[in-house]
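Below: the structure, in C-alpha cells.
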Amino acid sequence: MDLKEKIRIIDDFPSEGISFKDITTLLKDAEALNECINQMVDRFKDVKVDMIVGPESRGFIFATPLAYVLKTGFVPVRKPGKLPAETISYEYELEYGTDRLEMHKDAIHPGQKVLIVDDLLATGGTMSAAARLVEKLGGEVVGLGFLIELNDLNGREKLKGYKVESLIQY
C-alpha cells in the first residue's frame, strides 16, 4: 500500500505558501493505519527497544500502538505544565523564539534503549529536544521514527548520529 496516497494535501494552510500534510485521512482508514504501524515496526524490528517515547500530541498516535506491538511501555513528552509528577525539561530554539518540552523524571531508567516516534520530521527541533530528555535521564536513543519527513527543511541534519526512519517523504 502506498501510504502517501492516503495523506490529504491542503495548500495555503495554516497560512499562504504552506502545503499542509493532513494525516487524518490516513488515520480514519483502518487498513492504512494498520499498514503504517506495521511498516514502522518493520523499520525497527531488529533494534532492541525497552521503551517508546512520543512527543505530544500526534506522536502519541503512533508511539502507543508501536509500544503495544513491540511489548514495551510508552512515555509521553509534553509541553510545560501538562505532566503531574516531577519533571525534567529541555528548552530549544525555534525560528522565532524558544519552546520547551518536559518528561517525568522517573520515565526513563539509565541504560534503557529508547525509540522516539512522531508523525512529522520538519526542522528536527522537537525530536532533538525529546532525544535530549531521554539522554538526560541516562537512556540510549536507538532510533527516531516518523510517518512523514519534509526533506526541504533538513531536519535530518539536526538528528545526525541517530538512526532516523520515515515512511513518507515530501
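Bear in mind that the values in this text are calculations on the coordinates, not laboratory data. Since the model is a prediction, treat every value here as computed from it, not as a measurement. Quick reminder, even Gly has a Cβ in these numbers, built from the backbone with ideal geometry, and neighbours come from all protein chains shown.
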Tabulate in residue order the Karplus-calculated ³J(HN,Hα) for region 129-140, using 6.51 cos²θ - 1.76 cosθ + 1.60 with θ = phi - 60°, rounded to whole Hz; enter x for Gly and Pro. 5, 4, 5, 5, 5, 4, 5, 4, 8, x, x, 10
Those lysines that a straight Cα-Cα span of less than 27 Å connects to residue 113, excepting residues fewer than 8 apart in one chain: 45, 48, 71, 79, 82, 105, 136, 158, 160, 163
Cα centroid separation, region 73-119 to region 4-34 (Å): 26
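Using packing as a proxy for protection, rank 115-121, 151-157, 73-79 so that the peptide with the highest average count of other Cβ atoms within 10 Å comes first.
The densest-packed peptide leads the list: 115-121, 73-79, 151-157.
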Cut-off 15 Å (backbone N to label point 7 Å along Cα→Cβ of residue 82), residues of region 47-69: 53-64
Residue with peak Gaussian network fluctuation, the chain [Cα springs, cutoff 10 Å], from 148, 52, 88: 88
Given H placed on each backbone N at 1.01 Å, which residues far from residue 168 in sequence or on other chains put an amide H within less than 5 Å of it? 148, 149
Among 126, 25, 64, which one moves the most in a GNM of the chain with springs linking Cα atoms closer than 10 Å? 25
So, in nm, how far is label residue 157 from label residue 92 when the simple model puts each one 7 Å beyond its Cα toward the Cβ? 1.6
Whole-Hz couplings from phi, Karplus 6.51/-1.76/1.60, listed for region 109-122; x for Gly and Pro: 9, x, x, 5, 8, 10, 9, 10, 10, 9, 7, 9, 9, 10
